[in-house]
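Let me begin by presenting the structure, written as structure tokens, before commenting on it.
Bear in mind these aren't lab numbers, they're just calculated from the coordinates by the rules spelled out. Remember, it's a predicted structure, so these values are computed and weren't measured experimentally. Note that we place each Cβ from the backbone using ideal geometry, even for glycine, and neighbour counts take in every protein chain shown.
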Amino acid sequence: MAEEIKQEVEFEPGIQEPFVDGFNFKTILAAIFIGFIMLPGSIYLGLITGGGLGGAAQWVTVILLVEIAKRSFVQLKRQEVYIVYILAGSLISAGLVLGAVGLTLQGGAFSDLIWKQYLIQSPYAKFFGLTERVPAWAVPPAGSDALLRRTFLARAWAVPILLLIVHNILYRINHFTLGYALFRVTSDYEKLPFPMAPVASEGATALAEVSSKKETWRWRIFSIAAMIGVIFGAFYVVIPTITGLLMTTPLQLLPIPWVDFTAQLGTVLPSSMLGFVTDLGTLFAGFVLPFWVVVGTFIGSVVARTFGDPILHKFGIITDWQPGMTAIPTNVVTTMNFWINAVISGGIIVAIIGIWKMAMAFRPSQRKSAVRVILPDNRGDYPLPVAILLWFLSTLAYVIICHLLVPTFPVLLFVFFGFVLTPFLSYTSARMFGITGVATGISFPYVREATFILSGYKGVDIWFAPVPYFNHGGTTQGFKQLELTRTKFTAWYKSEFASLVIMLFCSFLFWSIIWRMNPIPSSAYPFVQKMWPMSAMFQCLWATSTLPDAGVPWMIRAIKLKYIISSGLVYALIYGLSFLFRWPAAIFYGIVGGVGQMPHYSIPMFAGALLGRFYFAKKVGPNWKKYTPILMAGYACGMGLVGMLSIAVALIAKTIYQLIF
């Protein structure tokens, strides 16, 4: 018998640049600057307007530090620029996301405790009888001295703060280990392209060239796109912001966030959705994403939400739609009536296909044609069994902590969330990031809440426990960006844990100061005063659903097995047809993601893809694909600069108004 032939390939042919550790003293100084200067602005802006600095601040921070470095005769390497970019996102955007109640809080880890102190003192907690039921390990009791004096420096906060710190440490271990294992599977073995990964990496490369005073074509493209963002942002952001300070109704030259035809179209096609977002960023995304992915997304979104909804309405499946509904309420009712099941089904199908392909690739009969990946030297890799062991131990720690906090809840369900649902969802999401660049529509909505309700558990403690249900799929794209910038993986680990220390301290410090200034919510913070009561009501409704004689029929009725199965059969049929007729596989994955997306986003993205493929690619030539990620990064930077300017003007104006009146 002939010996088995094993092919060996270079990891990235043609790329010989060594990997560099981008974490050093300069990046630590950048992290301190972000924590002490940018974080409090993000907190205050979130309380006032509901929108933090977010992703825009990443590019603004990087540009500011690059300019400071230039004037200090200090050169920043590409790897250092990218690590600063990561640090800005980690420090500024880190916060609390409550998907079940539609609330996102920015400002670091202590935003969670600020939310809970309000929840337990809210009139809804008293009305629903939660005030005396919320566990003391989550938040001090209502009426305690710690809450009355609005301070974290009290013994009653000791256990909640300790749990917060332990959760943040365990989460990062869980996040990096499972994310690294999935990266090795999806990037190294499956060779998925990760089309959106070059956006941040090329932007970092362009700014690094500026720092070294070697302005190449990257910087020219970046600066052109940034000016487009500045000019467009002047009309899109600055005019509404300034006129909003002077007029009762701000002047919007372009409707924000979209032009919506849903209400008008509903008179002809009941429950149909149609419109388009007015932000050019979606058009730029169409330039970057693979063409066939965008085509599939457009097909899935328009066929399902524009033409599919009226059919479902006619057959009595969509029952809650009412004439005159605009995009948001139409999206809510159609999702709850049917599409929530199709989204769940799509996630399951994508994961099954990925697992099947991996199993086929590692069959013994495939060894002759198997490609053995030779990992590059000094990338920061470590054995996969070590990553899986660390992930296992961190998940086990979560299970033990949750069991100690809520001993009457079935421990097998904690195991199910941590060891089954989290890796399954993360792998599904990772493949979508690898193929389409985004993971739109890949989730299992409300499965956590439904599990709590159907488990038979009676009490509210489970709603405050750190249940290990995570989606680490996006981490794979982060590793890919490190690879593209030739940054050692260990630099990410060191920067994240260093930023954790800075974030915990700064979050504690600035939330303490702002909380002591005024109660949260209060009239000093108009957004939270208006929106937090609604979110508190929803969380109270969820929490009371596990009390005796309680229920949430509106959620239980939404998830129907027959719709999940029927949607899965349709997905399987589409996949079979694409395989039979040799359509690009990206079309199928685009369709799966598009079903969970409003046409308002898919239509301008499709327009961008058409412009890029049939106009700019011919006009510019073969270099067009090299330009697109830099164009998108530059545009985001320009919009970020304009947004920061608008925020500064608005905050100064509000401060002067309060001082005068």
Assuming 0.36 nm per residue, please report the length gained on full extension of the stretch LYS626 to ILE328 beyond their Cα-Cα distance. 103.6 nm
A 20 angstrom limit on the alpha carbon distance is what I want to check against. Which of LYS480/LYS618; LYS26/LYS488; LYS70/LYS480; LYS26/LYS77 exceed it? LYS480/LYS618; LYS70/LYS480
For the pair TRP217 and PHE505, what calculated FRET efficiency results from E = 1/(1 + (r/R0)^6), where r is the Cβ-Cβ distance and R0 = 56 Å, to the nearest 0.05? 0.85
Cα-projected label distance for LYS618 with ILE311, points at 7 Å along beta-carbon direction, nm: 3.4 nm
Would you grab the residues whose amide H sits under 5 Å from the one on VAL20? Only those 5+ places off in sequence or on another chain, please, with H modelled 1.01 Å from N. THR487, LYS488
If r is the Cβ-Cβ distance from ASP320 to LEU404 and R0 is 35 Å, what FRET efficiency results, to the nearest 0.05? 0.25
Give me THR546, THR278 sorted ascending by neighbouring Cβ count inside 10 Å, so fewest comes first. THR278, THR546
When the chain is fully extended, how far beyond the present Cα-Cα distance does ARG149 get from LEU396, taking 0.36 nm per residue of separation? 85.2 nm
Nearest-0.05 FRET efficiency for ILE352 and VAL166 at R0 = 35 Å, using Cβ-Cβ distance, is 0.50
Distance (nanometres) between label positions extended 7 Å along Cα→Cβ at LEU412 and PHE36: 5.4 nm
Where does segment 558-635 land on the Kirkwood hydrodynamic radius, alpha-carbon pairs, in angstrom? 15.3 Å
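What does the charge count around VAL332 come to, taking other residues whose C-beta lies under 13 Å from its C-beta (Lys +1, Arg +1, Asp -1, Glu -1)? Don't skip to the end; give the middle numbers.
Working: positive: ARG305; negative: ASP309, ASP320.
Surrounding charge for VAL332 is -1.
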Placing each pseudo-label 7 Å from Cα in the direction of the beta carbon, PHE235 and ALA156 end up separated by a distance in nanometres of 5.4 nm
Any idea how far the Cα center of segment 257-324 sits from the one of segment 372-412, in Å? 40 Å
Burial ranking of peptide ranges 593-604, 187-198 (average Cβ count within 10 Å, highest at the top): 593-604, 187-198
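Going by the alpha-carbon gyration tensor, a ≥ b ≥ c the square roots of its eigenvalues, is segment 372-428 rounded (a/c under 1.5) or, if a/c is not under 1.5, prolate (a/b greater than b/c) versus oblate?
Details: a/c = 4.54, a/b = 2.42, b/c = 1.87.
In terms of gyration-tensor shape, prolate.
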